[in-house]
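Comments concern the structure below.
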Amino acid sequence: MPENRSIPPRVWLFAAIALATAVVVVIGPALFDRFTLNVLTRSMIYAMLAVTVDILWGYTGILTFGQAAFFGTGAYASAMVLSHLGSTPALLALALALAVIVPVLLGGFVGWLSFGHGSTPLYATVISLVVPIVVTQLVFSGGVWTGSSSGLVGYSGLPLGLPGYFRLTGICLIVTTVVALVFTRSDAGKLLVAIRDNEARCAYLGLNPQRLKIVLTALLAGVAGIAGFLYANASGVVAPENTGFVFGTEIVLWTALGGRGTIIGPVMGAIGIDYLSAQLSGDLPFLWNLVVGTLFVVMIILLPNGLAQLARMALPRRNGEQANAAGSPAITVAPAGNGSTGDNRVLSVSGLGKSFGSLQVLQGIDLDVRPGELVSLVGPNGAGKTTLMRCLSDGTEATTGSVSIAGQNIDGMTPDEIVTLGVGRKFQVASVFDSLTVADCLRMARASRQAPSLLRRSATLGLPAAAADILRSTGLDRMLGQPVSLLSHGQKQSLELAMVVALEPKLILLDEPTAGLTKVERTTIGGTLQKLTGELGFAAILVEHDLDFVRDISTRIVVLHQGKLVLDGSVAEVVNSETVRTIYSGAAHA
Amino acid sequence: MLETREARTTLPKLSLSNVSSGYGPVAVIEALSLSIAPGQIFALMGKNGMGKTTVLKTILGFVALRSGDISLDGASMSGVSQASLIASGVGYAPQEQALFQDLSVRDNLRLALRSDRGFAQAVERVYGHFPFLRERLSQRAGTLSGGEQKMLILGRALMLQPKLLLIDEISEGLQPSVVERIATALKEERRANGTTILIVEQNLPFALGVADNWAVLKLGRIDDAGDVTEGTASRVLQHLKI
Amino acid sequence: MTLLLDMVTTAAILFIVAAGLLAIFGVLKIINFAHGAWLTIGAYCAVATAGLGLNPWAALPIAFAVGAILGGITELVIVRPLYRRPLDAILATWGLGIVIGQLITLWFGRDVQFTSNLLSGTVDVFGVGYSLYRLFAVAAALVIGLAFTFLLEGTRLGLSAQAVIMNEVLARALGVDTARVRLATFIVGTGLAALAGVLLTPLTSVDPNMGVAWLIGSFMLVMVAGSSFSTLAIACIVFGGAQVLVSTFVSPILGGITVAVLCALVLRISPKGFARA
């Protein structure tokens, strides 16, 4: 396996652009008049905010209007220190520190509020609307401390002068942009996209998407705070509008027009629109906003990915072959992590019940599963099979009874905690990350064991032997660099299974893994499952409608009917049982 | 693949030719062909997860057709909206979440019609099959018993006096006496109006008791089919058992 | 006594303002962020009516008609393509709000406008002189609430709308033309928003951005209320009351954010708001 460390041409291109921009920033003051310098300084500060919105919205899928509040908090924190205390170097440092710390704390609180267990994306957006309004009102009610409606003015900040501020801001923007580009393209950055694509899958890979989003919100609030510090110094005035929700919507507007999910697009969008606004609003004051508003509406409807989408369409596409060669990492086999446990039972369920209101969906379920067993769970529609699977993988589901994984009671545990006990769950509809490549999906499955790099894309992909085997036997090992969206349904099912196995679970839960697969694909999955359990000692529970498939591969069959476990025995016992025949022919009601 | 005697001589009421459909990337139905003659009662059977419900949903346009064609009275149904499909005389009795539980029985029945003008007349037809509904009009649909709910679902599908009736597992979980009433209603409706009926079922005695023709679906394809005769029950059971 | 009347009338005004947004959110599951713009449109209809020398009350039907027609066009052109992208629908309607605000500015100028009062003077309530118009607002809220109840419970459109709210797939399976129900709901919702704009004119100054101030409060109330007018009424009474109390006893500025903050907290504790109760 050759170690492929050559730097792709794109990186050189970005480096060249960054360098060229840096040159413009340095010599800029010699080129532009005062008005232009002033406007561009402001535009570049706004562009930093657009970058933070893009990371949250474009990459992670959180539509936020709240960055304005963090920006305003940073700006006010700085201006208040400089106005009321003075602007010695020590106080300037204090101002900067507060401009970061206060927004980070506020961001952490807002994140905690926004991303509770089971909160919706819309709720996060709702909170992001409320926060700027609250901050604005606090500013209004702050009296002399905040200057109320007239804001704070007349303090002295960093002794830089206009060219100095222009250069400082430009450098800050370049640094922010480059860091954002590197981060979003790194292994860790793919985590954001994974959260956006499929948060449930992240949790079932043992990750904690809620916590990640809170941390991200807090960090980006800090970045917005730095932008606020720059603004307070460069403009020499802070006003309540800087914290407001209308300003928050403007940042989103720039990001949307520039092209969400591209970093560069929002930067260009912010600078372009804010600069043009300043230039044109003198001549066409209301018409300009009218044009921007109309453009925005049209873009959202017709071109949701912004102007960057147009640019991308114009640029020649890299063909798939090349992408595969460049982006495809080599598989290395990670050492198996877990030994066998003392208690022989991987799963032990006793007296499990679940009800929705007065409706009893499951009652009195007792079930033990040992390593090497492949237990199939069958029963008519509505028998409670999927509910039972959910109770096994989410400790907050069951109403009565207890579930133990490897001897530990899972009552009250969240899915990601149960994953660390050794449970992997494969969903009915392949639950993978559609915007990622095959390799990135698998890397997400390892992320809970091996923290992904914040800086670079790994050239290797460490997987347990069993997962690597699945990839080889399904041909996915030759498609590691392919985007998941190009995979067939069967390949996605295999990929999800490989991801689950890459977690090195003791127990694998599978919900109808063969639904919609071809005969050949069924046989492959069946063989894989038999190998995983029979040879490698995993335990597996399988919900399946295709009873021929069940008969061929199971070591044991459990029959569920109307929420009760009616039969638990070997394949032969169950297949020849009269009970099963009556349940399935519909005569059970007679 | 299925052509019955009647289907050959007259234009079929409903015909599916080489139909494939499914959800997202998952193909549930593959290359399915069947044809039902006017006035026929057709039972589509098969175990859970074999695509029976998807066949109905594909006919109604809820699941996208990937290839093949579905035609009603010989005219292709592609691009026809659900609203105009129902208006053209298709009645549907879904299996799950088939009632507005919080609305009254009357409102559930009203929703089958596009205006209230024909309500009195249409509901009389339904009373003919299920007289108990007359006293229950103001009751919340969710407070009816399971069997009564099923009869309301069927009654609602009959409001428009459909030419084609699509029924999804109506007998599931019902007492034999209720199943009997439903079977009688279906036969009576066909006798009186020549209604063509497609039932999706797992309950063999009920399905074979009302149907003229049957087919067994397995993994989205027709596994076996024929006219209903003496030996049908044991033949179908072979396919349904574990 | 004045405090109590303030609480009731504030709740009534909130209800009037939020009702149109709720109608749209309930059926379409789309947040119309141009709601503020429609309030503004309504208010400017009152300005235009006064400018034409018509009876100020004529502004109510005029505003409803203008709002409804513009709403119909909006649903067809902007909202319809975005049903599957609810977050984008928020953005697109917000953008539309900007456009409407600018058009109004181009037409009427950016200055504050004044309209003739619909009702002036005070009236004696249990010995306390109280603004007649604010009391009228309570009556208006009751009329709107009752009209909506009638529309939902007593008409064909209402039945179809209820069916779409409860189970859209089943409604379609029964042949309900859901596209038409959505269009009709959007028309009613925007017409009502414009009507609310007229009713606001005696209480607030009229300028091109007046709607934005009301948008967030009504938006939060609707999030808490879900899709039911009775829960909206409860939410308005509870949070409107709280707003008056905070304004009176703590600070008027903090009173302005009471509704938003309390609603956000309620949603954090119970994601479905009052809808579950």
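Points worth noting:
- The order of B:Glu201, B:Glu124, going from fewest to most other C-beta atoms within 10 Å of their C-beta, is B:Glu124, B:Glu201.
- Net charge over other residues, Cβ less than 13 angstrom from the Cβ of C:Gly95 (K, R count +1; D, E count -1): -2
- For the range C:134-267, the calculated P(r) over all alpha carbon pairs, in 10 Å bins from 0 to the bin holding the longest distance, is 10, 34, 35, 16, 5, 0 percent.
- Calculated diffusion of the range A:107-210, Stokes-Einstein form, Kirkwood radius summed over Cα pairs, 37 °C and 0.692 mPa s, µm²/s: 184
- Within the range A:78-118, backbone nitrogen closer than 18 Å to the virtual label 7 Å beyond the Cα of A:Glu417 toward Cβ: A:116-118
- Once backbone amide H atoms are built at 1.01 Å from N, A:Leu542 has A:Val375, A:Ser376, A:Leu377, A:Leu510 as its partners under 5 Å, excluding neighbours fewer than 5 places away on the same chain.
- For the pair A:Leu455 and A:Arg551, a Förster radius of 56 Å applied to the C-beta separation gives a FRET efficiency near 0.65, rounded to the nearest 0.05.
- Karplus-derived 3J(HN,Hα) values for the range C:166-173, using 6.51 cos²θ - 1.76 cosθ + 1.60 with θ = phi - 60°, are 6, 6, 5, 5, 5, 4, 5, 5 Hz; glycine and proline are entered as x.
- Secondary-structure-derived ellipticity at 222 nm for chain B, considering helices only, amounts to -10000 deg cm²/dmol, per-run term -39500 (n - 2.57) for DSSP H runs with n ≥ 4.
- Rounded, prolate or oblate (a/c below 1.5 giving rounded, otherwise prolate when a/b exceeds b/c) for the protein assembly as shown by Cα gyration tensor: oblate
- Projected label distance in nm at B:Glu180 and A:Val24, using a 7 Å step from Cα toward the beta-carbon: 8.6
- The C-alpha atoms of chain A define a longest principal axis, and helix A:519-530 lies at about 80 degrees to it.
- Close amide H pairs (under 5 Å, H built 1.01 Å from N) link B:Leu32 with B:Asn18, B:Val19, B:Ser20, residues at least 5 positions away or on another chain.
- Each peptide in C:152-164, C:255-267 receives the mean, over its residues, of other Cβ atoms within 10 Å, and ordering these scores from highest gives C:255-267, C:152-164.
- The range B:151-242: C-alpha gyration tensor shape, a/c 1.5 cut-off, then a/b vs b/c: prolate
- Under the span-like rule (Cα at least 15 Å along the axis, Kyte-Doolittle mean at least -0.5), DSSP H helices of chain B: B:119-129, B:146-158
- Within the same chain, lysines fewer than 8 places from A:Lys519 are excluded, and of the rest, those with a Cα less than 27 Å from its Cα are A:Lys385, A:Lys426, A:Lys492, A:Lys531, B:Lys47, B:Lys52, B:Lys57, B:Lys218, B:Lys241.
- Note on the range C:2-210: Cα-only Rg and Dmax are 18.0, 59 Å.
- Inter-label distance, A:Val11 to B:Gln238: 6.6 nm, where each label sits 7 Å from its Cα along the C-beta direction.
- Between 0 and 90°, nearest 10: helix A:285-302 axis offset from chain A longest Cα axis: 20
- Cβ-based charge dipole, the range C:44-152, positive-most Cα from C:Thr105, C:Ala50, C:Thr74: C:Thr74
- The range B:38-168 shape via C-alpha gyration tensor axes, a/c threshold 1.5: prolate
- Whole-Hz Karplus values for the range C:46-61 come out as 5, 4, 5, 4, 4, x, 7, x, 7, 4, x, 5, 5, 4, 4, x Hz, taken residue by residue from phi with 6.51 cos²θ - 1.76 cosθ + 1.60 and θ = phi - 60°; glycine and proline positions read x.
- Helix-only [θ]222 nm of chain A, DSSP H runs n ≥ 4, -39500 (n - 2.57) each, per residue, nearest 500: -17500 deg cm²/dmol
- Degrees separating the helix A:489-502 axis from the principal Cα axis of chain A, which is the longest one: 90
- 17 Å Cα-Cα reach of A:Lys190 towards lysines, excluding residues that sit fewer than 8 places from it in its own chain: A:Lys213
- Computed from backbone phi with θ = phi - 60° and the Karplus coefficients 6.51, -1.76 and 1.60, the 3J(HN,Hα) list for the range C:121-137 is x, 10, 9, 7, 10, 6, x, 10, x, 9, 4, 4, 5, 5, 5, 4, 4 Hz; x is used for glycine and proline.
- If you take the alpha carbon atoms of chain A and fit the smallest convex hull around them, that volume is 190 Å³ per residue.
- Note that the range A:400-451 shows a convex hull volume over its alpha carbon atoms of 112 Å³ per residue.
- Around the amide H of A:Thr460, modelled in the peptide plane, lie the amide H atoms of A:Ala330, all under 5 Å away and 5 or more residues distant in sequence or on another chain.
- Exercise: per-residue mean of other protein chain Cβ atoms within 10 Å, B:104-116: 3
- Once the C-beta distance of B:Phe119 and C:Ala139 is scaled by a Förster radius of 45 Å, the resulting FRET efficiency is 0.80 to the nearest 0.05.
Only the coordinates and a few stated rules stand behind these numbers; no lab work does. From a predicted model like this one, the values you see are computed outputs, not experimental measurements. Note that we place each Cβ from the backbone using ideal geometry, even for glycine, and neighbour counts take in every protein chain shown.
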